[in-house]
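A quick write-up on the structure given underneath.
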Amino acid sequence: QYPDAYTPECNPDQADCGVVGVDAVYRLNPLDENDWAVAYSQDITPRKMYDITDWNVKYDLGSFYTRSKLNEWCEAKAVHDDIPGPSADWMVDMTSTYADVVWELENDNPLQNFIEDRYNELRGKQERLGLSEENLYLAVASISCKYHRATSENSCFDVDDQTLINRDYETCASQGVLDIDQIDLDYLLSLEGVQDSVCLTQRREEMYSITQGFDDLLLLAICNGDFDYPCPEWEHKALDHKKLQRGEVDFIGDLPGDFAKEYDYDYNTGYDFMLILSLGVFAVILLAFVVKTWWCGNYAISRKQNALFAENDGDYGTF
């Protein structure tokens, strides 16, 4: 019914990604060996997993849905049964049952507060910056991600490390390595660019230590730099580029030399200026009219006086 809803293909970075066919059967051992599990009595496929209402499942939206402003995005993009936002068949909002606890915890979260502040700031300047809805959310995602990687106590990210920022180092993908058996800690640390970076070395050692018990594909992700603090990129010529890399929003209009008039224009100040300019133009026109009237009036009186003098000269003669 919806041919574009699912694309049966494997991630090109993965040697084996398991079940991808829409009617292929998931290997759910040991669930399929227990008679209380649905997988025991029937095959489970991607097609059967598509509609979660078939499984009597709903997802709680949680406080993140509102605080992340995802609610505004969804309500602008999706409508279900003439109601903007997520499908009521799939989602439920239960935050009212634990709102006080969550709100208190989230208010103590500097990152969440930062995200909300940046969103409100850019939303207020959206029209002046010429941002579409997509660009607004991309901007907040990029700035908050860079802020988090630059300020987190557990982060070794260095905004001055061009190797990290430009991702200028070897990976399994760049070396054509897909065989998990080739990847161990020594190999991860031997890659060019990694061995000379304190942060990349630390990151490899930290992530490698937790791979035991996880899917082997985690090793490939580590090798390809998926955990090296990647952030979505977003820039705007009205904002300082270097500070954006630190997750800081600084309008160039606040600095010497700038885009303030073009990008950070104050409409109230602009209105006042245009009003004063209009009054000035009106005053000039009025003054010109008064001068013209005065000059024309004096000119007419002068002509009458000259005519009278000429008439008197004819009657009395001249010296």
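The values are calculated or read from the model by the stated rules, or taken from the named source; none is laboratory data. What you are looking at is a predicted structure, and each value in this text was computed from that prediction instead of being measured. Note: ideal-geometry Cβ built from the backbone for every residue, glycine included; neighbour counts use all protein chains shown. Only protein heavy atoms, including side chains, enter the accessible area calculation; ligands, DNA and RNA are left aside. Shrake-Rupley method; radii C 1.70, N 1.55, O 1.52, S 1.80 Å.
Key figures
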quantity	calculated
Distant-in-sequence amide H partners of Leu239 (H built 1.01 Å from N, under 5 Å)	Ile252
Spherically averaged projected area of segment 113-235 from its Cα convex hull (nm²)	9.2 nm²
Efficiency of FRET from Cβ geometry, Tyr2 and Glu233, R₀ 22 Å, rounded to 0.05	0.10
For segment 67-213, with +1 on Lys and Arg beta carbons and -1 on Asp and Glu, the positive-most of Ala78, Leu164, Gly124 along the dipole	Gly124
Above-threshold pairs, the threshold being 24 Å between Cα atoms, out of Lys69/Lys125; Lys48/Lys77; Lys125/Lys242; Lys48/Lys69; Lys125/Lys237; Lys69/Lys242	Lys48/Lys77; Lys48/Lys69; Lys69/Lys242
Cβ-based net charge around Met94, under 11 Å, with every Lys or Arg adding one and every Asp or Glu removing one	-1
Other-chain or far-sequence residues with amide H under 5 Å of Asp60's (modelled H)	Val92
Point-to-point label distance, Glu134-Asn166, nm (Cα→Cβ direction, 7 Å offset)	2.9 nm
Heavy-atom accessible surface of segment 155-198: percent carbon and sulfur, 1.4 Å	39 percent
Theoretical FRET efficiency, 1/(1+(r/R0)^6), r = Cβ-Cβ of Asp93 and Arg246, R0 30 Å, to 0.05	0.25
Sites Asn113 and Cys17 - FRET efficiency at Förster radius 45 Å, r taken between beta-carbons, to 0.05	0.70
Centre separation in Å (Cα based) which lies between segment 199-234 and segment 129-158	20 Å
